[in-house]
Amino acid sequence: MTTPATKSARTRAAAHGDADAAARLRARRPAEKTLVLAEDNELGAELAAAVEAERAMRFSGDETAKAEASARLETARAAVADDAITIRLRSIGRAAYAKLQADHVPDDTDHQAWARDIGQPGAKTRFARSLRPALVAACMVDPAGIGVDELTDMLDDGRLSDGEIAALFGAAVELHEGSRVADLGK
């Protein structure tokens, strides 16, 4: 908890080079992101329906309906959580990220697929399709031990959808190109 004394001490320290901030910056861990994949489509659909029902009842004034919608939502969340696969990704660092990109340079097929996907003839992509499973596998810390070939097999046989690998890839890119800067509105 920040007290007035702590705040003024931090303010004074900041004016003279905040050693505490420097130590905390040095001790920072690489960025991580956690994504949750629903195993059962029906549970995911029920959760989406429960969210909508709860939103619809939020301002209805019907306390019984609100309570029922809230209970339905909690039940659906619990069912999805019990069924879900949690995937934790961690930044591999700038040099390893750059090496992966250099090892997976987009070719004409990648550019054509990208242009077709976004509906803009001649558009160029930054990322080769082969980078998607490679980066996700490199960043995946939990569950451990899933490599590029296995992720590619999961894509090929439908265990992972294009949308799921895109979400995982997007999170992995965000780990390396995103920011943890907080705008405190000052």
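Taken together, the values in this text are just the output of simple stated rules run on the coordinates, not laboratory data. In this text, all values refer to a predicted model and were calculated from it rather than measured experimentally. In this analysis, Cβ positions are derived from the backbone assuming ideal geometry, glycine residues included, and neighbour counts consider all displayed protein chains.
Overall, the ratio between the Cα radius of gyration of the chain and 2.2 N^0.38 Å, rounded to two decimals, is 1.40.
Each of the peptides 116-126, 166-176, 47-57, 143-153 was scored by the mean count of other Cβ atoms within 10 Å over its residues; in descending order, highest first, they stand as 166-176, 47-57, 143-153, 116-126.
Counting Lys and Arg as +1 and Asp and Glu as -1, each charge on the Cβ, what is the dipole of the range 90-178 about the Cα centre in debye, to the nearest 20? Before the final figure, lay out each step's value.
Details: 9 positive and 15 negative charges, 84 e Å.
With Lys and Arg at +1 and Asp and Glu at -1, about 400 debye.
Its DSSP H runs of at least 4 residues, each contributing -39,500 (n - 2.57), put the calculated 222 nm mean residue ellipticity of the chain at -19500 deg cm²/dmol, to the nearest 500.
Reducing the range 112-186 and the range 44-109 to their Cα centroids gives an inter-centroid distance of 17 Å.
Below 14 Å, Cα to Cα, which aspartates and glutamates can K66 reach? Residues fewer than 8 away in the same chain don't count. Within the straight-line limit of under 14 Å, K66 reaches these aspartates and glutamates: E52, E54, E74.
Each residue, R55 and A182, gets one label point 7 Å from its Cα in the Cβ direction; the gap between the two is 2.8 nm.
Taking 0.36 nm per residue of separation and subtracting the Cα-Cα distance, full extension of the segment from K124 to T64 would add 16.2 nm.
Quick check for you: which residues of the range 123-143 have the amide N under 16 Å from the point 7 Å beyond the Cα of E150 toward its beta carbon? Counting backbone N atoms under 16 Å from the label point, the list is 133-143.
Which aspartates and glutamates have a Cα less than 17 Å from the Cα of K33, not counting those fewer than 8 places away in the same chain? Once the sequence-local aspartates and glutamates are set aside, what remains near K33 is D142, E164, E174, E177. In this rough spin-label picture, where each label sits 7 Å from Cα along the Cβ direction, the L25-R94 distance is 1.3 nm. Normalised Debye scattering of the range 43-96 at q = 0.15, 0.24, 0.27 Å⁻¹ gives log10 I(q)/I(0) of -0.52, -0.86, -0.97, counting only Cα atoms as equal scatterers and leaving out solvent.
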